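Take a look at this one; I'll ask things after.
The values are calculated or read from the model by the stated rules, or taken from the named source; none is laboratory data. The structure presented is a predicted model; accordingly, all values stated were derived computationally and were not measured. Methodologically, a virtual Cβ is constructed for each residue, glycine included, from the backbone with ideal geometry; neighbour enumeration extends over all protein chains shown. The area values use the complete protein model at the heavy-atom level, side chains included, leaving out ligands, DNA and RNA. Shrake-Rupley method; radii C 1.70, N 1.55, O 1.52, S 1.80 Å.
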Amino acid sequence: MQIEKFKVINFIRELIINIDKNLENFPKKDIEIKNRIKSESYNLLEYCYEANTTEDNNLKIQLLNKCIAKIKVVDFLINISYDKQIINNKRYLKFGESADEIAKYLVGWKKSINRA
């Protein structure tokens, strides 16, 4: 197994831990955004584990495409949270950097499969 596969999974796990720690003060009217951020993050982790364990490259690419879509949705939801002033600038930047890093690794992982 390639090291970068574990790296991206570790980044996703760190993102989930940060989400759990830093999204506890959501207003009740926006709780659905918080729930979607959590849900999409867990789905992202699940798809990554699945992609990491499958031997079929076509399935792996499909799963990685789902992962890329999920991290973009998480990024969008975090952006909405910032626009609504639910999270502060510091948290927004931290989440954004994590999402960008994850997306970068996922795209790199996908490209490495396409070259093989």
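Students often check this: by mean Cβ neighbours within 10 Å, which of 11-21, 61-71 ranks highest, and how do the rest follow?
Ranking, from highest mean packing down: 61-71, 11-21.
Going from most exposed to least, what order do Phe26, Phe6 have by accessible area with a 1.4 Å probe?
In descending accessible area the options line up as Phe6, Phe26.
Which translational diffusion coefficient, to the nearest whole µm²/s, is obtained for the chain from the Stokes-Einstein equation, given a Kirkwood hydrodynamic radius over C-alpha pairs, 10 °C and 1.306 mPa s?
Reported coefficient: 110 µm²/s.
Same structure again: Any chance you could run the full-extension gain for Asp30 through Asn65? It's 0.36 nm times the residue separation minus the Cα-Cα distance, nm to one decimal.
9.8 nm
I would also like to ask the following. So how exposed is Tyr92, as accessible area in Å² (1.4 Å probe, rounded to 10)?
Tyr92 exposes around 60 Å² with every protein chain in place.
A further question follows. Excluding Leu23 itself, what net charge comes from residues whose Cβ is under 13 Å from its Cβ, given Lys and Arg +1 and Asp and Glu -1?
So the environment of Leu23 carries a net charge of +2.
Can you show me the helix-derived [θ] at 222 nm for the chain, built from DSSP H runs with n ≥ 4 at -39,500 (n - 2.57) apiece and divided by the number of residues, rounded to the nearest 500.
My calculation for the chain gives -29500 deg cm²/dmol from helical runs alone.
Whole-Hz ³J(HN,Hα) for each residue in the range 97-104, computed from phi via Karplus 6.51 cos²θ - 1.76 cosθ + 1.60 with θ = phi - 60°, x for glycine and proline: what do you get?
Residue by residue, the range 97-104 yields 5, 5, 5, 5, 5, 5, 4, 4 Hz.
Calculate how steeply helix 31-53 sits against the longest principal axis of the alpha-carbon atoms of the chain, using the helix alpha-carbon long axis, and give the answer as 0 to 90 degrees to the nearest 10.
Once rounded, the angle reads 10 degrees.
Top to bottom by accessible area (1.4 Å), largest first, where do Ser41, Ser98 land?
Descending accessible area places them as Ser98, Ser41.
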